[in-house]
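Comments concern the structure below.
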Amino acid sequence: MKFEYDLDMGDYRNYLEHYYQNSTDFKKTYRNRLGMGIVSLLVLNWFIYQSVPETIVIVIGLVSLLIYILSLKKLFLYFTIEKDLKKVQSQMFTGHYVAEILDEKIKIQNYEHVHNKDEIEWEKISTIGENDWYYFLYHEKRVSILPKTRMPEDAQQFIERQLRTKSQN
């Protein structure tokens, strides 16, 4: 099963979003920042209320706390992804790819960068992640991204079988 696809920085952004939404380190850091922010806002509002004991101070404090809680995860995710996007060199990732799925391995080649050719045996893939648009094949501290929209149906079914096999182990 052979198919071609193109990847750009938008695809890498989608990968980072999937990665961070499933990362235990990201979730731990987010919870720590959420807790520190809540405590900081409560202390700040308490000091303001001590100098201006008005009901409006309590209302403003509660509204600011609610806005902080509701917006922190999206903002934290956005800024973390933006920071990572600045670190990566786009030519390492973007380009026209050809993938061939075989029973024992998958071959992926970026034709814009001839040196970028991977032959990955299925047992060397540690995890297969997925969202609505992509499969993410994690192997040897790297990830290969396969867009579902460009894959033939039989290739998607094969990846799904591999995904079920990996989840059972």
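The values are calculated or read from the model by the stated rules, or taken from the named source; none is laboratory data. Note that the structure is predicted; figures quoted are calculated from it, not measured. Positions of Cβ are backbone-derived with ideal geometry, glycine not excepted, and every protein chain shown enters the neighbour counts. Heads up: the accessible areas ignore ligands, DNA and RNA and are worked out on the full protein's heavy atoms, side chains in. Shrake-Rupley method; radii C 1.70, N 1.55, O 1.52, S 1.80 Å.
Considering only residues of the stretch 43-65 that are open to solvent by 90 Å² or more (accessible area, probe 1.4 Å) and hydrophobic (A, V, I, L, M, F, W, C), which is nearest to the chain's Cα centre (by Cα)?
Residue satisfying both the conditions and the ranking: Leu62.
Could you run through the stretch 114-123 and say how many residues are open to solvent by 40 Å² or more (accessible area, probe 1.4 Å) and out of contact with any Asp or Glu (no Cβ under 9 Å at 6 or more places or on another chain)?
Number of matching residues: 4.
Which numbered condition trips up Val114, out of (1) out of contact with any helix residue (DSSP H, G or I) (no Cβ under 9 Å at 6 or more places or on another chain); (2) of a type in the set (A, V, I, L, M); (3) at pLDDT 85 or above?
Against the list (1) out of contact with any helix residue (DSSP H, G or I) (no Cβ under 9 Å at 6 or more places or on another chain); (2) of a type in the set (A, V, I, L, M); (3) at pLDDT 85 or above, Val114 comes up short only on (3).
Being hydroxyl-bearing (Ser, Thr, Tyr) and either open to solvent by less than 50 Å² (accessible area, probe 1.4 Å) or under 17 Å from Asn14 (Cβ atoms) (or both): is that true of Tyr111 here?
Here the answer is no, as Tyr111 does not meet what is asked.
Residues in the stretch 54-65: is at least one under 25 Å from Leu7 (Cβ atoms) and of a type in the set (D, E, K, R)?
Checked against the condition, which is being under 25 Å from Leu7 (Cβ atoms) and of a type in the set (D, E, K, R), the stretch 54-65 yields no hits at all.
For the stretch 1-57, give me each residue that is part of a helix (DSSP H, G or I) and of a type in the set (D, E, K, R).
Selection gives Asp11, Arg13, Glu17, Asp25, Lys27, Lys28, Arg31, Arg33.
Quick check on Gln89: is it modelled with pLDDT under 85, open to solvent by 50 Å² or more (accessible area, probe 1.4 Å) and within 19 Å of Leu7 (Cβ to Cβ)?
Answer is yes for this residue.
Among (1) modelled with pLDDT of 90 or more; (2) not in a helix (DSSP H, G or I), there is one condition Phe76 misses while meeting the rest; what is its number?
The number of the failed condition is (2).
Count, please, the residues in the stretch 124-169 that happen to be open to solvent by 90 Å² or more (accessible area, probe 1.4 Å) and either among the charged types (D, E, K, R) or touching a Lys or Arg at 6+ places or on another chain (Cβ under 8 Å) (or both).
Residues that pass the stated criteria total 10.
Among (1) in contact with a helix residue (DSSP H, G or I) (Cβ under 9 Å, 6 or more places away or on another chain); (2) surrounded by 14 or more Cβ atoms within 10 Å (Cβ to Cβ); (3) under 30 Å from Leu146 (Cβ atoms), which single condition is Gly95 missing?
(1)
Identify, by number, the condition in (1) part of a helix (DSSP H, G or I); (2) under 19 Å from Asp11 (Cα atoms); (3) free of Cβ contacts under 8 Å to residues at least 40 places away in the same chain that Ile81 doesn't meet.
With respect to (1) part of a helix (DSSP H, G or I); (2) under 19 Å from Asp11 (Cα atoms); (3) free of Cβ contacts under 8 Å to residues at least 40 places away in the same chain, Ile81 is out only on (3).
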